[in-house]
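Peer 1: This structure is in structure tokens; I'll ask about it shortly.
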């Protein structure tokens, strides 16, 4: 395998093809014979030789199934293109990261609270309204100032060394099982995508120190004596720092849901299957749902107002006096006539 300065040209040992390997890639697969190769670059300050590797223990089929189930559980409000994304494009990537360790000497100060109980007497009224004297046990807290020193060894702080992956994304799929860590050899990553470190060691030192200080702060909070504490302040000096490069296994899926926007990315821990991704929301769906909810809330008021307007139009009207006519009143019936009957003839007989 013959190498030249970046961009690197790699001669395939199987078929002899000359391949061009990008500066940020450590592995290549020959397109003619499918033979995997590993680029062994000389170490430099920001690209040291890898120390350790964490191997994949989750197959591609398992990762595809896990991502498919995860996408199916996303809420209604995510963009439609996300759930419709294909999981066949998932790729296994050995991502560079640094394992940080250091000795930490910390000076701290805090107010420590210690609880104690005492019996107090108080007056109240009974059911009959009489004033009575009673006792009760109350808990009180005594505070005192405490300061001192705390020494600890900070270890297993993992920070990303790739600009393609944010450190928060890596934290979201941690932890990795560091007990399975083994020494790096090219054979371990052969046939896989492996990225060179693209962040400087100084940048990674900064990330690691921040994580170390946060970890020490959490440990100090649990280290404080007493029943409670407040006002904890601490100052830590880190010494004997080490930064070792290792490759961590990630299954990566990029879904291009909108041609005008960056792809939506899902990361899967290649050991545990932990998944992280922030699915982009559809503001059209959110707007429609908000409008629908507003209409539901406003519907009772609209109906009530409509009923009120209808009642105003269909209520009782004022009485209108009957129209007068010039017709003569009807003549009174003859005396002895029965309503609806025949007038009697002579001798009472009917005509």
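Peer 1: What about residue 206, is it part of a helix (DSSP H, G or I) and under 32 Å from the mean Cα position of the chain (by Cα)?
Peer 2: yes
Peer 1: Identify all residues within region 53-79 that are surrounded by 12 or more Cβ atoms within 10 Å (Cβ to Cβ), farther than 22 Å from residue 160 by Cβ and either touching a strand residue (DSSP E or B) at 6+ places or on another chain (Cβ under 7 Å) or at pLDDT below 90 (or both); write none if there are none.
Peer 2: Once the filter is applied, which keeps residues that are surrounded by 12 or more Cβ atoms within 10 Å (Cβ to Cβ), farther than 22 Å from residue 160 by Cβ and either touching a strand residue (DSSP E or B) at 6+ places or on another chain (Cβ under 7 Å) or at pLDDT below 90 (or both), region 53-79 yields 60, 64, 65, 68, 71, 74, 77, 78, 79.
Peer 1: Continuing with this model, one more query. Specify which of the listed residues (160, 165, 188, 173) is in contact with a helix residue (DSSP H, G or I) (Cβ under 7 Å, 6 or more places away or on another chain) and in the same structural domain as residue 278 (by TED's automatic domain parsing).
Peer 2: On inspection, the qualifying residue turns out to be 160.
Peer 1: Tell me, please, whether a residue that is closer than 30 Å to residue 246 by Cβ and surrounded by 10 or more Cβ atoms within 10 Å (Cβ to Cβ) can be found in region 143-150.
Peer 2: Yes, some residue in region 143-150 is closer than 30 Å to residue 246 by Cβ and surrounded by 10 or more Cβ atoms within 10 Å (Cβ to Cβ).
Peer 1: Which is in the same structural domain as residue 104 (by TED's automatic domain parsing) and under 32 Å from the mean Cα position of the chain (by Cα), of 149, 201?
Peer 2: 201
Listed here are the residues, each with its yes/no results for (1) in a helix (DSSP H, G or I); (2) in the same structural domain as residue 63 (by TED's automatic domain parsing); (3) modelled with pLDDT of 75 or more.
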residue	(1), (2), (3)
261	no, yes, no
267	no, yes, yes
308	yes, no, yes
312	yes, no, no
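Peer 1: In region 39-52, how many are at pLDDT below 75 and surrounded by 15 or more Cβ atoms within 10 Å (Cβ to Cβ)?
Peer 2: Here the count works out to 3.
The values are calculated or read from the model by the stated rules, or taken from the named source; none is laboratory data. Only a predicted model underlies this, so the values are computations on that prediction, with no experimental measurement involved. Neighbour counts are summed over all protein chains in view; Cβ atoms, including those assigned to glycine, are modelled from backbone coordinates with ideal geometry.
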